[in-house]
Amino acid sequence: MALPPQFHADTAVRAVESGKDVLVEKPIALTVADAERAVKAAKDNSRIFMVGHVLRFHPAFETLKALIDNGELGEVRYIHSHRLGLGKFHTENDALWDLAPHDLSMILAITGTEPIEVRGEGAALLDNLSDFAHLHMRFPNGLRSHLFASRLNPYRERRLTVVGTKAMAVFDDVEPWERKLAVYRHAVWQDSGQWAFTANEPSYVAVGEGMPLTRELAHFMQCIETRAEPRTDGEEAIRVLRILTAGTVIHTGS
């Protein structure tokens, strides 16, 4: 369902009430109430409801998630994500709503929980919608995360960085496949009351090539066949939407 987001909820409700399984593009809706209404309709009609957070199906992110789950990075303490570029200007949605859902989905997959504090900042240069958006998040275990999204940036950046107690990892989707996922095993310690560190060259983790969209659609088809809950189901999308809503900055103009 690739429609402008203001039509997602009503169209999804009609689809599931007609007996259709649904894959909705991000964001799931423009309000949490509309999103909850669509997800409830899918449950009431026993329909598969999936949302297109496509980077959850990127082979590099799947490999990164496995490294984290296996303890390769140690305890995750900090996550930051940058999604920047020039273009795709809209009159309905700001940079946060247009660009951040994918990154928020990845961050929530890593943390396994919602933030307990969300603070948003934005700058509107062209009209009354944020062309630059920052999100600052604090999670129950003390983990902090920030996200920077912009559609008025001179260069393209698609980068997710995860800082752990044992190592740091960077998923950079602008890099070629053999360099998309890097692990840095830096060390920091105190020596005679002074901080010392070693900075090591990154090691690149082998990632199997595969188009995230193709893998996302294959997952949707598998869920239809097996009736399993999608990896990016409606509840996950609602969690993303709550963060977007909390972090939105309203610009009233001059």
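Within region 164-207, being out of contact with any Asp or Glu (no Cβ under 9 Å at 6 or more places or on another chain) and small (G, A, S) holds for A187, S192, G193, A196, A199, S203. Against the criterion of being over 15 Å from the mean Cα position of the chain (by Cα), under 23 Å from P27 (Cα atoms) and crowded, with 16+ Cβ neighbours inside 10 Å, P230 qualifies. Of the residues contained in region 73-87, none is found to be part of a loop (DSSP other than H, G, I, E, B), farther than 21 Å from P202 by Cβ and not assigned by TED's automatic domain parsing to the domain that holds G164. Looking across region 145-179 at every residue that is of a type in the set (F, W, Y) and surrounded by 14 or more Cβ atoms within 10 Å (Cβ to Cβ), the one that is farthest from G112 (Cα to Cα) is identified as W177. Against the test of being without any contact (Cβ under 8 Å) to a residue 12 or more places away in the chain and within 20 Å of the chain's Cα centre (by Cα), the options E157, E175 yield a single qualifying residue, E175. Among the candidates E117, E62, E75, the residue that is closer than 24 Å to R156 by Cβ and among the charged types (D, E, K, R) is uniquely E62. I'd like the residue in region 123-136 that is assigned to a strand (DSSP E or B) and over 14 Å from L104 (Cβ atoms) and, out of all such residues, is modelled with the highest pLDDT. Result: F132. Tallying residues that are surrounded by 14 or more Cβ atoms within 10 Å (Cβ to Cβ), basic (K, R) and out of contact with any helix residue (DSSP H, G or I) (no Cβ under 6 Å at 6 or more places or on another chain) within region 66-118 yields 1. Within region 25-32, does at least one residue satisfy the condition of being in contact with a helix residue (DSSP H, G or I) (Cβ under 8 Å, 6 or more places away or on another chain), assigned to a helix (DSSP H, G or I) and either in contact (Cβ under 8 Å) with a residue 24 or more places away in the chain or buried (at least 22 other Cβ atoms within 10 Å of the Cβ) (or both)? Yes: one or more hits. Does G142 satisfy the criteria of being under 21 Å from P115 (Cα atoms) and surrounded by fewer than 18 Cβ atoms within 10 Å (Cβ to Cβ)? Considered against the rule, which asks whether it is under 21 Å from P115 (Cα atoms) and surrounded by fewer than 18 Cβ atoms within 10 Å (Cβ to Cβ), G142 comes out as yes.
The residue list A124, A169 contains one member that is in the same structural domain as S203 (by TED's automatic domain parsing) and more than 18 Å from V249 (Cα to Cα), which is A169. Taking region 184-211, which residues are assigned to a strand (DSSP E or B) and not small (G, A, S)? Those that are assigned to a strand (DSSP E or B) and not small (G, A, S): Y184, V188, W189, Q190, D191, Q194, W195, F197, T198, Y204. Against the list (1) at pLDDT below 95; (2) of a type outside the set (D, E); (3) over 17 Å from the mean Cα position of the chain (by Cα), the condition G85 fails is (3). Just wondering, is there one or more residues in region 227-238 that are in contact (Cβ under 8 Å) with a residue 40 or more places away in the chain, under 30 Å from T91 (Cα atoms) and part of a strand (DSSP E or B)? Yes: one or more hits.
The values are calculated or read from the model by the stated rules, or taken from the named source; none is laboratory data. From a predicted model like this one, the values you see are computed outputs, not experimental measurements. Reconstructed Cβ throughout: ideal geometry from the backbone, glycine too, with neighbour counts over all protein chains shown.
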